[in-house]
Amino acid sequence: ALEISGNAWQNFGFRDYSIAIYPEVDITKHMVRKADGSGFDVVIAEQVLEHVPTPWVSIRSMHASLNDGGYLLITTPFMYRVHAHPGDYTRWTEMGLRNLIESGGFAPEGLKTGSWGNRWCVIANFDQAAIYDPYSHSLDNEPDVPLMVWALARK
């Protein structure tokens, strides 16, 4: 597995696990391969694409970094405050993320998208990232009020 700009999945139990951290690895300029030249079975990019000025280039790079039959997992904010680290460029609906991923070389039949959020969660994250409190925060999903949008695509 390759995780881009994060390490949340490092203890998941992947046989091989690598991290690509910006700016050492810029997914708008490089496809990432293992030392032996092979690709990855899984590429994970959580909360990354909004920080990339050319996300369509990044999708093509992640596609090229995958082995045939490999999976790309993307999560990205939709109704979330601006957080420029170093920049904050875009937001996607499910349809928009699907279009972006398909334009990067993934076939529509191997692509699933979804979203999660509700109005209270969106409001809680306006000032700063809210820490989930099960006693006061609802996990009910309101499809028309997504906080986050996700996609799983197979090469």
(message) Can you compute the charge dipole magnitude of the stretch 39-125 about its Cα centre, using +1 on each Lys and Arg Cβ and -1 on each Asp and Glu Cβ, nothing else charged? Give it in debye, rounded to the nearest 20.
(response) 320 debye
(request) Can you tell me how much longer the chain between Asp88 and Gln128 gets when fully stretched, taken as 0.36 nm per residue apart minus their C-alpha distance, in nm with one decimal? (result) 12.9 nm
(request) Counting only DSSP beta bridges with both residues in the chain, tell me the antiparallel percent, nearest 5. (result) 55 percent
(request) Sorted from largest down, give the three principal axis spans of the alpha carbons of the stretch 9-155, whole angstrom values. (result) 49, 32, 32
(request) Could you let me know the centre-to-centre spacing of the stretch 55-98 and the stretch 1-32, using Cα atoms, in angstrom? (result) 14 Å
(request) Just grab the label-to-label distance for Ala64 and His137, each label 7 Å out from Cα along the Cβ direction, in nm (one decimal). (result) 3.8 nm
(message) For a quick size check, give me the Cα extents of the stretch 1-89 along its three principal axes, largest first, whole Å.
(response) 38, 27, 24
(request) At a Cα cut-off below 21 Å, give the lysines reachable from Lys112, other chains included and same-chain residues fewer than 8 away excluded. (result) Lys155
(message) What are the ³J(HN,Hα) couplings of the stretch 136-145, residue after residue, when phi is run through the Karplus curve with 6.51, -1.76, 1.60 and θ = phi - 60°? Round to Hz, x for glycine and proline.
(response) 10, 10, 8, 9, 4, 9, 10, x, 8, 9
(message) Once you order the gyration tensor axes a ≥ b ≥ c over the Cα atoms, which shape class does the stretch 1-45 get: rounded for a/c under 1.5, otherwise prolate or oblate by comparing a/b with b/c?
(response) oblate
(message) Check which residues have an amide H placed less than 5 Å from Ala20's amide H, if you skip close sequence neighbours.
(response) Glu3, Ile4, Ser5, Gly6
(message) Using a 1.4 Å probe on the protein heavy atoms, what percent of the accessible area of the chain belongs to carbon and sulfur?
(response) 56 percent
(request) Report, in deg cm²/dmol and to the nearest 500, the calculated mean residue ellipticity at 222 nm for the chain, where each DSSP H run with n ≥ 4 adds -39500 (n - 2.57) and the sum is divided by the residue count. (result) -5000 deg cm²/dmol
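The values are calculated or read from the model by the stated rules, or taken from the named source; none is laboratory data. The model shown is predicted, which means the values in this text are computed figures rather than measured ones. All Cβ positions, even for glycine, are placed from backbone atoms using ideal geometry, and neighbour counts span all protein chains on display. Protein only, heavy atoms only, side chains kept; ligands, DNA and RNA dropped before computing areas. Shrake-Rupley method; radii C 1.70, N 1.55, O 1.52, S 1.80 Å.
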